[in-house]
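Undergrad: Here it is, the structure in full.
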Amino acid sequence: MARTPLVAGNWKMHGSRASNRALLDALLRGIAGQPAVECAVCVPFPYLGDTAEQLRGSAIAWGAQNVSEHARGAYTGEVSASMLKEFGCSYVVVGHSERRQLFGESDSQVAGKFAAALEAGLTPILCVGETLAQRDAGQTEKVVARQLDEVLTKTGIEAFSRAVVAYEPVWAIGTGRTATPEQAQAVHAFARQRIFKGSRILYGGSVKPENAAAIFAMPDVDGGLIGGASLVAEDFLAIAREASKAKRPQLNGRAAAKG
Ligand code: PEP
């Protein structure tokens with residue numbers, strides 16, 4: 001399994017049916033001829049039907065930004081993994097720092113969501129990352145390890161061969177402040193030695209067309225999870241172009257996992 005770069009847009013709670021259509025039209029026009037990168041958009045739940053209709057059969061995959069850890073039942077307001085699957089989702093973001101911080105999602109709940117996504121045949125994009133206070137206190141690796149280990153304990157290491165990890169330092173999300181390529185590489189390398197070696201590990205946190213090339217050039221960075229810039233077609237396309245140009249070591253996942 002080669003670590004084909006992935007650039008995934010996290011639209012957060014933005015958009016309308018009309019603006020989404022225009023954005024996706026522009027992405028579809030611009031994405032042709034970039035086979036060396038996978039692109040996906042993670043959209044708000046109500047837009048999954050429209051998105052599926054517009055992107056079906058195209059080179060752009062789609063997904064959601066959250067999922068319930070439960071398969072079904074009396075969980076008012078929740079959305080299950082099988083429901084996402086029914087709308088053609090390939091991906092679902094789990095454990096985004098906004099979910100952890102604003103909605104109190106715990107590591108164990110995130111692990112449940114990760115497992116539920118895999119069970120339904122979705123690829124979870126597991127977000128991990130430290131706050132500024134944790135970085136300043138020298139706790140970055142400890143925090144990332146704790147977030148990964150909760151999932152590893154629940155699902156086992158092999159599950160990560162069917163998942164994507166996104167390192168998103170909380171202090172870089174939506175702030176315009178990006179981790180340096182070296183800071184990103186250090187955490188990506190740390191995460192990779194803990195999980196399935198062939199897993200794709202994305203960087204997220206104020207990635208823009210201007211800083212994407214330097215970040216994607218790092219050997220353990222396999223693309224990006226893009227917030228703000230994913231809402232502007234030309235920016236998202238420019239970031240995808242940078243990912244497609246980046247040189248990736250073509251690891252064989254299974255061989256690497258043993259070694
Ligand atoms: C995100 O929301 O996952 C994100 C990385 O946002 P931004 O690119 O806006 O920092």
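The values are calculated or read from the model by the stated rules, or taken from the named source; none is laboratory data. Only a predicted model underlies this, so the values are computations on that prediction, with no experimental measurement involved. Cβ coordinates were reconstructed from backbone atoms using ideal geometry, including for glycine residues, and neighbour counts include every protein chain displayed.
Undergrad: Hey, could you check region 144-188 for residues that are within 15 Å of Phe216 (Cα to Cα) and exposed (fewer than 15 other Cβ atoms within 10 Å of the Cβ) and say which is nearest to the ligand (Cβ to nearest atom)?
TA: Looking at the filtered set, the residue picked out is Thr180.
Undergrad: Of all residues in region 69-105, which are over 19 Å from Arg56 (Cα atoms), over 18 Å from the mean Cα position of the chain (by Cα) and surrounded by fewer than 16 Cβ atoms within 10 Å (Cβ to Cβ)?
TA: His70, Ala71, Arg72, Gly73, Ala74, Tyr75, Thr76, Gly77, Glu78, Leu102, Phe103, Gly104
Undergrad: Going through Arg146, Arg162 one at a time, which residue ends up being within 21 Å of Gly112 (Cβ to Cβ), more than 15 Å from the chain's Cα centre (by Cα) and among the charged types (D, E, K, R)?
TA: None of the others qualify; the one that does is Arg146.
Undergrad: Please work out which residue is farthest from the ligand (Cβ to nearest atom), limiting yourself to region 1-60 and to residues that are outside any helix (DSSP H, G or I) and over 23 Å from Arg200 (Cβ atoms).
TA: If we filter region 1-60 for residues that are outside any helix (DSSP H, G or I), which is where we start, we get 1-16, 32-44, 56-60.
Within this subset, residues satisfying the condition of being over 23 Å from Arg200 (Cβ atoms) are 13-16, 44, 56-57.
Working: Met13: 11, His14: 10, Gly15: 14, Ser16: 19, Pro44: 13, Arg56: 25, Gly57: 27 Å.
Of everything passing the filter in region 1-60, Gly57 is farthest from the ligand (Cβ to nearest atom).
Undergrad: Where residues in region 213-236 are among the aliphatic types (A, V, I, L, M) and in contact with a Leu (Cβ under 8 Å, 6 or more places away or on another chain), which of them is nearest to the ligand (Cβ to nearest atom)? Outline the logic, then answer.
TA: The initial filter retains those residues of region 213-236 that are among the aliphatic types (A, V, I, L, M), namely 213-215, 217-218, 221, 225-226, 229, 231-233.
With in contact with a Leu (Cβ under 8 Å, 6 or more places away or on another chain) added as a condition, the list becomes 221, 225, 231, 233.
Values: Val221: 13, Leu225: 5, Leu231: 9, Ala233: 15 Å.
Only one residue tops the list, namely Leu225.
Undergrad: Please verify whether Glu168 is within 23 Å of Val41 (Cβ to Cβ), acidic (Asp, Glu) and touching a Leu at 6+ places or on another chain (Cβ under 7 Å), treating the condition exactly as stated. If you could, list the steps in order and put the result at the bottom.
TA: Details: within 23 Å of Val41 (Cβ to Cβ): yes; acidic (Asp, Glu): yes; touching a Leu at 6+ places or on another chain (Cβ under 7 Å): yes.
For Glu168, the condition - within 23 Å of Val41 (Cβ to Cβ), acidic (Asp, Glu) and touching a Leu at 6+ places or on another chain (Cβ under 7 Å) - is met.
Undergrad: Of the numbered conditions (1) under 27 Å from Val43 (Cα atoms); (2) crowded, with 17+ Cβ neighbours inside 10 Å, Thr140 satisfies every one except a single condition; which is it?
TA: (1)
Undergrad: Also: Identify, from the list Ala229, Ala214, the residue that is at pLDDT 95 or above, assigned to a helix (DSSP H, G or I) and under 18 Å from the mean Cα position of the chain (by Cα). Please lay out each step first, then the result.
TA: Values: Ala214 fails: under 18 Å from the mean Cα position of the chain (by Cα).
From the options Ala229, Ala214, the qualifying one is Ala229.
Undergrad: Given the conditions (1) more than 13 Å from the ligand (Cβ to nearest atom); (2) in contact with a helix residue (DSSP H, G or I) (Cβ under 6 Å, 6 or more places away or on another chain), and given that Gly205 satisfies all but one, which numbered condition is not satisfied?
TA: Against the list (1) more than 13 Å from the ligand (Cβ to nearest atom); (2) in contact with a helix residue (DSSP H, G or I) (Cβ under 6 Å, 6 or more places away or on another chain), Gly205 comes up short only on (1).
Undergrad: Residue check: is Ile195 more than 9 Å from the ligand (Cβ to nearest atom), part of a loop (DSSP other than H, G, I, E, B) and within 19 Å of Tyr91 (Cβ to Cβ)?
TA: Details: more than 9 Å from the ligand (Cβ to nearest atom): yes; part of a loop (DSSP other than H, G, I, E, B): yes; within 19 Å of Tyr91 (Cβ to Cβ): yes.
Spelling it out, Ile195 is indeed more than 9 Å from the ligand (Cβ to nearest atom), part of a loop (DSSP other than H, G, I, E, B) and within 19 Å of Tyr91 (Cβ to Cβ).
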